[in-house]
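To keep things clear, I will list the structure first and then write my remarks on it.
The values are calculated or read from the model by the stated rules, or taken from the named source; none is laboratory data. All figures in this text were calculated on a predicted structure; none of them were measured in a lab. Cβ placement follows ideal geometry from the backbone for every residue including glycine, while neighbour counts extend to all protein chains displayed.
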Amino acid sequence: MREPLAVLSDIHGNIRALDAVLDEIARRGIRRTVNLGDSLYGPFDPRPAADRLMTLGIPTVSGNEDRILQTASTGSRTAGRPPARTAEFTRQQLEPRHFSWLASLPLTAVVDGAFLCHGTPSDDTTYLLSSVLGGSLALRPEAEVDRLTASVAERVILCGHDHTPRLAACGGKLIVNPGSVGCPAYVDDVPEEHVVENGSPDARFAIVCPRVGAAATVELISVPYDAAAASDEAYSSGFADWARWIASGRAE
C-alpha cells in the first residue's frame with residue numbers, strides 16, 4: 001500500500017449514505033477506494049447506488065447478499081426457502097447490466113497490498129472479528145481470528161459483513177472492518193438470532209494509511225447524512241424494520 005485507501009462496506013443500496021461518504025473521501029483528497037460488498041440489497045431503489053459504483057469503477061468484492069440477489073434473479077430457493085422479501089424487492093428494480101456487474105464480482109481480491117473479503121477469507125456468511133453470544137456480537141477470540149486468516153499472506157485484511165467498525169492486530173496482520181455505509185443496525189438469525197446496533201444513524205467507512213517502516217494506521221470515520229430521508233424511503237417501500245434501523249442505529 002503506497003497511499004491512503006478508503007474502505008467501504010455494506011452500502012445496501014443507500015445512495016444518500018454512499019454519496020455522503022464519497023463526498024467526504026473527495027474532501028480529504030483520497031484517490032483510492034475499495035468496497036467490501038453487500039452493495040445493493042436493501043429497501044431502496046438500488047439503481048443509483050449500482051450506477052455510482054459501476055461508473056466510478058471502485059474495486060469491489062461480492063458479499064453474501066450480492067449472491068442472494070443473483071439467486072433470487074433466477075427464481076432459485078436457498079436452503080429450501082424462497083428468497084427474502086428484501087431480496088425480491090431489490091432485484092425487481094435492477095436491470096440486466098446490474099446483475100452482470102454483480103456476477104462479475106470476485107469473492108476476494110488484493111488491492112494495493114491489502115486483502116479484501118466480505119466475511120472471512122473463505123466464507124462470506126461468517127463474521128471475522130465478531131462472534132454471536134447471547135443475542136449480540138462479542139469480540140471473536142484472537143486465536144480464532146488467527147486461524148481464519150492463516151491462509152492470507154497480506155499483512156492488511158479488510159472485511160465487512162457485521163456492520164460494526166472495528167480493528168484488530170492479530171498474527172502480525174492488521175484487520176479492519178469499516179462498518180456499514182448504509183445500514184447501522186439490523187436483526188439476523190444466522191448463525192442464531194442476534195441484533196447489531198451502532199447506536200447512531202451515521203454512515204461509516206475507514207481510511208487505511210501506510211507508514212514507512214511501521215504498521216499502517218487506521219481511522220474509523222462516522223459521517224452524518226440525511227438518514228431521515230433514507231428512513232422515509234424504506235418506510236414508503238414497506239420496510240418499517242429497516243426504516244427504524246436506519247433512522248436510529250438501533251435494532252429495537
Checked region 227-249 for anything in a loop (DSSP other than H, G, I, E, B) and either within 14 Å of SER200 (Cβ to Cβ) or under 18 Å from the mean Cα position of the chain (by Cα) (or both); matches are GLY249
Every residue in region 94-133 that is under 17 Å from ARG155 (Cβ atoms) and surrounded by fewer than 15 Cβ atoms within 10 Å (Cβ to Cβ), please. VAL110, GLY113
Tally time: how many residues in region 196-218 are modelled with pLDDT of 95 or more and on the phi > 0 side of the Ramachandran plot? 1
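Can you go through GLU219, GLU192, GLU252 and tell me which one is closer than 23 Å to LEU137 by Cα, without any contact (Cβ under 8 Å) to a residue 24 or more places away in the chain and not in a helix (DSSP H, G or I)? Outline the logic, then answer.
On the way: GLU192 fails: without any contact (Cβ under 8 Å) to a residue 24 or more places away in the chain; GLU252 fails: without any contact (Cβ under 8 Å) to a residue 24 or more places away in the chain.
Exactly one residue qualifies, and that residue is GLU219.
Hey, among ALA103, ALA168, which residue is part of a strand (DSSP E or B), modelled with pLDDT of 95 or more and more than 16 Å from the chain's Cα centre (by Cα)?
Numbers: ALA103 fails: part of a strand (DSSP E or B).
Being part of a strand (DSSP E or B), modelled with pLDDT of 95 or more and more than 16 Å from the chain's Cα centre (by Cα) holds for just one of ALA103, ALA168, which is ALA168.
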Sort out which residues of region 89-126 are touching a residue at least 24 places away in the same chain (Cβ under 8 Å) and acidic (Asp, Glu), and write them in order of number. GLU95, ASP112, ASP124
Check on ARG166, free of Cβ contacts under 8 Å to residues at least 60 places away in the same chain and farther than 25 Å from PRO4 by Cα: no
Considering region 24-49, residues that are of a type outside the set (Lys, Arg), surrounded by fewer than 24 Cβ atoms within 10 Å (Cβ to Cβ) and in contact (Cβ under 8 Å) with a residue 12 or more places away in the chain, and then whichever is farthest from GLU65 (Cα to Cα), we arrive at ILE30
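Is it fair to say ALA240 is under 16 Å from ASP19 (Cα atoms), loosely packed, with under 14 Cβ neighbours inside 10 Å and at pLDDT 95 or above?
Details: under 16 Å from ASP19 (Cα atoms): no; loosely packed, with under 14 Cβ neighbours inside 10 Å: yes; at pLDDT 95 or above: yes.
No, not satisfied.
Do you know which residues across region 141-163 are of a type outside the set (Gly, Ala, Ser), touching a strand residue (DSSP E or B) at 6+ places or on another chain (Cβ under 9 Å) and surrounded by fewer than 20 Cβ atoms within 10 Å (Cβ to Cβ)? Give the derivation first.
So in region 141-163, the residues of a type outside the set (Gly, Ala, Ser) come out as 141-142, 144-149, 152, 154-159, 161-163.
Keeping just the survivors that are touching a strand residue (DSSP E or B) at 6+ places or on another chain (Cβ under 9 Å) gives 141-142, 144-146, 149, 152, 154-159, 161-163.
Selection gives PRO141, GLU142, GLU144, ASP146, VAL152, GLU154, ARG155.
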